Amino acid sequence: MLAQQYSNASATDSAAQASPTTAPKVLPAATDASAPASPALGAMPSLGNGMSFPAGTSFHVKLLKPVDSGSLKNGQDVPAKLSMMVRAKNGTALAAGTPVMLNVVGTVPAGKINAVGELSLTVVRVGKTDVVTETKTFRGKPGSREVGDANPALGTNAGMPAGAELTFRTAGTAVAANEKPSANGVTPGSVDGVAVGSQPATGPKSNSGQPTYGAPTEQH
């Protein structure tokens, strides 16, 4: 009789009894860490300390180091300083001598693509404020021609010494992609000036006996 009572008892899992019932843990939704760092399309750069400049503001700057298209790299920063006072939208005046950072938008040494070197600069920061300005392009001095319609000889790189003074203007307000841009008299690819740079370095002589320019080619 006692054996029958035990055989009728329902079996239990002791491990289940020892583990309390808990709700499943909900993991947070996956996020793309790169998204917050990517500004929305068409957003303008953040102006560091809340200061801004009206469109068309002129920055007169003086280079602190020489520049030369034969040695600069695309994206390289070039230090400069204001040579004249400039006033911000809020009335704050930035004195002459305020640090300015230029950026190399593009640079090509003489002889690599054209007979002369080319160098393009823009202002990216004045003091502690990020700015957007026009881009200025300079070319080296062209080489001489034997006759009027002949290709010019190799010219110089585009370069300017430390202390050279340049003027940049802030760009206008950005427009939507479907709007027609206003004409400002400056065409894409236009050159703002001729700059005297260094003569390109010579490499080994070619089969004709004339010097070639640029890095020597590897012989196999």
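Tabulated values for the structure
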| read-out | value |
| --- | --- |
| Filter pass, Gly75 being surrounded by fewer than 17 Cβ atoms within 10 Å (Cβ to Cβ), outside any loop (DSSP other than H, G, I, E, B) and out of contact with any Pro (no Cβ under 9 Å at 6 or more places or on another chain) | no |
| Residues of segment 103-128 that turn out to be of a type in the set (A, V, I, L, M, F, W, C), without any contact (Cβ under 8 Å) to a residue 60 or more places away in the chain and either crowded, with 16+ Cβ neighbours inside 10 Å or touching a strand residue (DSSP E or B) at 6+ places or on another chain (Cβ under 6 Å) (or both), as a count | 7 |
| Matching residues, segment 87-101, being within 12 Å of Pro54 (Cα to Cα) and either in contact with a Gly (Cβ under 7 Å, 6 or more places away or on another chain) or in a strand (DSSP E or B) (or both) | Arg87 |
| Number of the exception - Ala96 against (1) modelled with pLDDT under 95; (2) in contact with a strand residue (DSSP E or B) (Cβ under 8 Å, 6 or more places away or on another chain) | (1) |
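The values are calculated or read from the model by the stated rules, or taken from the named source; none is laboratory data. On a predicted model such as this, the values are computed, not experimentally measured, just so you know. Here the Cβ is made from the backbone with ideal geometry for all residues, glycine too, and neighbour counts use every protein chain on show.
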